[in-house]
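Contents: one structure, followed by commentary.
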Amino acid sequence: MYPAYFLMRRLGNKILFIVGWLLSPLTWWNDAVLNIPLAYFLANLVAYFMPKLFMSSLIIFYWLTNLAGVALMHLSSRDSLKGKKKGLKIILTLFFYSLAIYILAKKRFIRPIF
């Protein structure tokens, strides 16, 4: 039973790392495929109750999905992996995507479903 526990822990950490990597800003495609649609869905839930908060909640949820990805990667790999620090690149990428989302929402290309 002792080795099975470590095997399950390692498997759980790998799954957690993959989910974190999929959400993190370290991949070039994840924003269009996962983070922005997920943020859009969550912002629509907020806009259903408070329509004026759609744009701000869209940006906040976008940032939170990216931060959740980085946090999941960190939690799952803090013992075994030591990666390079890409902090400034990640922050600048998040800023420019947030600016693009803000402009698209202001121009009404991105609107709530409800």
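Where a number appears in this text, it was derived from the coordinates with a stated rule and is not lab data. Because the structure is a prediction, the values reported are computed rather than measured. In this analysis, Cβ positions are derived from the backbone assuming ideal geometry, glycine residues included, and neighbour counts consider all displayed protein chains.
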Quick check: the angle from helix 87-106's long axis to the longest principal axis of the chain, C-alpha only, nearest 10 degrees?
30 degrees
Exposure proxy order (Cβ contacts within 10 Å, fewest to most) of Ser76, Ser98:
Ser98, Ser76
Subtracting the Cα-Cα distance of Leu11 and Ile113 from 0.36 nm times their residue separation yields 32.9 nm
For a footprinting-style exposure proxy, rank Met55, Met73, Met50 by other Cβ within 10 Å, fewest first.
Met50, Met55, Met73
Measure nothing but the geometry: give the 0 to 90° angle between the long axis through the Cα atoms of 36-49 and the longest principal axis through the Cα atoms of the chain, rounded to 10°.
60 degrees
For percent of Cα pairs over 18 Å apart, the listed values are (i) 41; (ii) 55; (iii) 50; which was obtained by calculation from the structure presented?
(ii)
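May I ask you to derive the FRET efficiency for Val33 and Ser98 from their Cβ-Cβ distance with R0 = 25 Å, giving the value to the nearest 0.05? Don't skip to the end; give the middle numbers.
Values: r = 17 Å, r/R0 = 0.70.
About 0.90, to the nearest 0.05.
Got a sec? How would Val33, Val19, Val46 order by Cβ neighbour count within 10 Å, fewest to most?
Working: Val33 11, Val19 15, Val46 18.
Ranking Val33, Val19, Val46 by Cβ neighbours within 10 Å, fewest first, gives Val33, Val19, Val46.
So if each residue of separation counts as 0.36 nm, and I subtract the Cα-Cα distance between Ala71 and Ser56, what length gain in nm does that give? All intermediate terms of the calculation are to be shown ahead of the outcome.
Values: separation 15, 0.36 × 15 = 5.40 nm, distance 2.21 nm.
Length gained, Ala71 through Ser56: 3.2 nm.
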Work out which trypsin sites (Lys or Arg not before Pro) in the chain are exposed loop sites (DSSP not H, G, I, E or B, at most 14 other Cβ within 10 Å) and give the longest gap free of them.
1-77
Nearest 10 degrees, 0 to 90: helix 2-23 Cα axis against the chain principal axis:
20 degrees
